[in-house]
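Read the structure below first, then the notes.
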Amino acid sequence: DITDEKGRSIPCKAQFNVLGDTPKVNLGPTDRARGCVDQYFSETGKFRVSLPPGKYEVIVTHGAEYQHTRDEVDLTPGSTWTKTAVLKRVVETPGWVSTDYHNHSTPSGDNTCGTDDRLINLAAEQIEFAPTTEHNRLYDWLPHIERLGLSPYLKTVSGMELTGSGAHFNSFPFTPDPTKQDGGAPVWKKDPRLDAITLRDWQTIEADRWVHVNHPDMIENFIDRDKDGRADGGFAYFGGLIDGLETQNYSASDILSVAPYKISAARTGPGRVVVPIREFIWLQLLNQGLAPKAIAVSDAHHVHGNGVGGWRTYVKSSTDDPAKIDWREMTRNSKAGRMILSTGPYLEVSTGSGIIAGGSYRVSGELELKVRVQCNDWIDIDRVQVLVNGRQAPEYNYTREKNPEMFDTGTVKFDRTLKLSLAQDSHLIVVAVGEKNNLKTGFGSSGQAELQPIAYNNPIFINVDGGGFQPNGDTLGFDLPVSGLTVDDLKGKLGL
């Protein structure tokens, strides 16, 4: 029986982690909310779960802004253990809401996660705004949300993911038409520019429509279109046709990588391959003047494992009430870059004059940058790094080990006004990360447990010389990467 501080029975997740020699428990398949492996997601705080006799660690959570409860329980045959608790909200996020612009359920066709299961998953992990983005069809989650009683916790708007054997796109809003194939959705085309243009004007011209490219192939889209190993600029003008791109799509972050590629084990077959690092390439392209904003999504197709809640995007909002969220305000603020990407830490970044993510500011001399980080009781950070034009400036690198006086142990982990001296026009990104931490307490046996707590903002653009912001063209020590690079090539480039 789980409630919030107002006495409301709230959506939540319970983990049943076995202790000692108790056999692992399996409550059901990974695509089901009400019993998936060793976890249970509920649309309310009142629920009952049957378990084999044994010893368990029971953890109950409601996303990254609330505290958790933990109990050790010894269940004997025929016994009942009852948990009554109030989950307190400890992270305050006034003026920002948590969103996830990319998720799926059964109508997408490539998974068997029921729509109700997905929505319970979203609400239990405290995602407040999630557009309906099923594959290649227009659909609306609203009737499901209302039937589940989740309207106070989760808002949606009809949209879609347009997919094919190339670039994928998420876009909203649209109006599903049950009399038409796939609800009236458009058909995918190979040239991503045609898809972006089609989505922009589909059904009706809508100035506030959102279009972003999913898990982008940064090289093909923006650098080496024909994949012949020579830079050709990618698909000309493509960057100006989209609003955002997914720098984070479920997996671990490489925003602090020092190269645009890494060597990884091949997904199929033996051997190793060169894998481009999307975030590093995004930083390189920002220095060339690339416009699309960064977003973080889950791209969830299951509940346990590939579920939601690992990555989320905080978007500026005039309301903190999910039921009152306006999709139009969400897209306008997203297009303006007023977004923070996070696996849990709540990061606030602003200049001394109040300019936030996505904004521009003219300064001469020293710049004040206010940085504040909050975490709940199962998340922590130990490093704050300011990226100046994508580079990890050592003078703006702060760690709990080297600068213990700058970090705290309560909900507020870091709250400082940093002094920056900039020699040229610069875009600023603050990265707050728990390099010695993970999300295991909150996610248990699910894959998100291995993620680091990390958050970073869309850039703030600082004009130093008064002539308007000018990108510096820096490629961060590496040529813009092209296709066809082998492991031996990469070893040579990295001096390995």
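The values are calculated or read from the model by the stated rules, or taken from the named source; none is laboratory data. Small disclaimer: the values here were computed from a predicted structure and weren't measured. Cβ sites come from the backbone with ideal geometry, for glycine too, and all protein chains shown count toward neighbours. SASA here: full protein model, heavy atoms, side chains in, ligands and nucleic acids out. Shrake-Rupley method; radii C 1.70, N 1.55, O 1.52, S 1.80 Å.
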Residue ID - most open to solvent (accessible area, probe 1.4 Å), chosen from residues in segment 261-307 that are of a type in the set (S, T, N, Q) and under 16 Å from the mean Cα position of the chain (by Cα): Asn306
Does any residue of segment 170-188 turn out to be in contact with a His (Cβ under 9 Å, 6 or more places away or on another chain), at pLDDT 95 or above and not hydrophobic (A, V, I, L, M, F, W, C)? yes
The condition from (1) touching a residue at least 60 places away in the same chain (Cβ under 8 Å); (2) over 28 Å from the mean Cα position of the chain (by Cα) that Thr441 misses is numbered (2)
Please verify whether segment 367-379 includes one or more residues that are under 20 Å from Ile127 (Cα atoms), touching a His at 6+ places or on another chain (Cβ under 9 Å), assigned to a loop (DSSP other than H, G, I, E, B) and open to solvent by less than 10 Å² (accessible area, probe 1.4 Å). yes
The one condition Thr331 fails out of (1) assigned to a strand (DSSP E or B); (2) crowded, with 20+ Cβ neighbours inside 10 Å; (3) not hydrophobic (A, V, I, L, M, F, W, C) is (1)
Of the conditions (1) surrounded by fewer than 18 Cβ atoms within 10 Å (Cβ to Cβ); (2) among the charged types (D, E, K, R); (3) more than 22 Å from Leu150 (Cα to Cα), the single one that Asp4 does not satisfy is (3)
Segment 212-227, residues that are open to solvent by less than 20 Å² (accessible area, probe 1.4 Å) and in contact with a strand residue (DSSP E or B) (Cβ under 8 Å, 6 or more places away or on another chain): His212, Val213, Asn214, Pro216, Met218, Ile219, Asn221
Show the residue pairs meeting these rules: Cβ distance below 8 Å; 6+ apart or different chains; first residue within segment 212-226 and more than 18 Å from Asn170 (Cα to Cα); second residue open to solvent by 10 Å² or more (accessible area, probe 1.4 Å) and of a type in the set (Ser, Thr, Tyr). Ile219/Ser483; Glu220/Ser483; Asp224/Ser483
Selected residue (only one of Leu387, Leu418, Leu428, Leu439 is within 30 Å of Ala33 (Cα to Cα) and in contact with a Leu (Cβ under 8 Å, 6 or more places away or on another chain)): Leu439
Selection count where residues are touching a helix residue (DSSP H, G or I) at 6+ places or on another chain (Cβ under 9 Å) and of a type in the set (D, E, K, R), scope segment 64-114: 2
Considering only residues that are without any contact (Cβ under 8 Å) to a residue 40 or more places away in the chain and open to solvent by 20 Å² or more (accessible area, probe 1.4 Å), which ones fall in segment 126-155? His135, Asp140, Leu142, Pro143, His144, Glu146, Arg147
Search result, residues across segment 236-253 that are part of a loop (DSSP other than H, G, I, E, B) and surrounded by 18 or more Cβ atoms within 10 Å (Cβ to Cβ): Ile242, Asp243, Tyr250, Ser253
Exactly one condition in (1) at pLDDT 95 or above; (2) part of a loop (DSSP other than H, G, I, E, B); (3) open to solvent by 40 Å² or more (accessible area, probe 1.4 Å) is not met by Ser364; state its number. (1)
Restrict the check to segment 72-81 and report whether at least one residue is touching a Leu at 6+ places or on another chain (Cβ under 8 Å), open to solvent by 10 Å² or more (accessible area, probe 1.4 Å) and assigned to a loop (DSSP other than H, G, I, E, B). yes
Can you work out which of the residues in segment 178-209 that are of a type in the set (A, V, I, L, M) and in contact with a strand residue (DSSP E or B) (Cβ under 8 Å, 6 or more places away or on another chain) is farthest from Arg225 (Cα to Cα)? Ala185
Output for segment 380-417, where each listed residue is touching a residue at least 24 places away in the same chain (Cβ under 8 Å), under 23 Å from Pro94 (Cβ atoms) and open to solvent by 30 Å² or more (accessible area, probe 1.4 Å): Asp380, Thr411, Val412, Asp415, Arg416, Thr417
Give me the pairs: first residue in segment 471-496 and open to solvent by less than 50 Å² (accessible area, probe 1.4 Å) and of a type outside the set (S, T, N, Q), second residue part of a loop (DSSP other than H, G, I, E, B) and at pLDDT below 80, beta-carbon distance under 9 Å, and six or more apart or on different chains, which are they? Leu490/Leu496
List the residue pairs whose Cβ atoms are under 7 Å apart, where the first residue sits in segment 330-353 and is within 16 Å of Phe172 (Cβ to Cβ), the second is part of a helix (DSSP H, G or I) and β-branched (Val, Ile, Thr), and the two are 6 or more positions apart or on different chains. none
Quick check on my filter: what residues within segment 403-436 are among the basic types (Lys, Arg) and assigned to a loop (DSSP other than H, G, I, E, B)? Lys436
Residue check for Asp116: buried (at least 18 other Cβ atoms within 10 Å of the Cβ), out of contact with any Gly (no Cβ under 8 Å at 6 or more places or on another chain) and under 22 Å from Gly305 (Cβ atoms): yes
Of the residues in segment 22-69, how many are on the phi > 0 side of the Ramachandran plot, part of a loop (DSSP other than H, G, I, E, B) and open to solvent by less than 20 Å² (accessible area, probe 1.4 Å)? 3
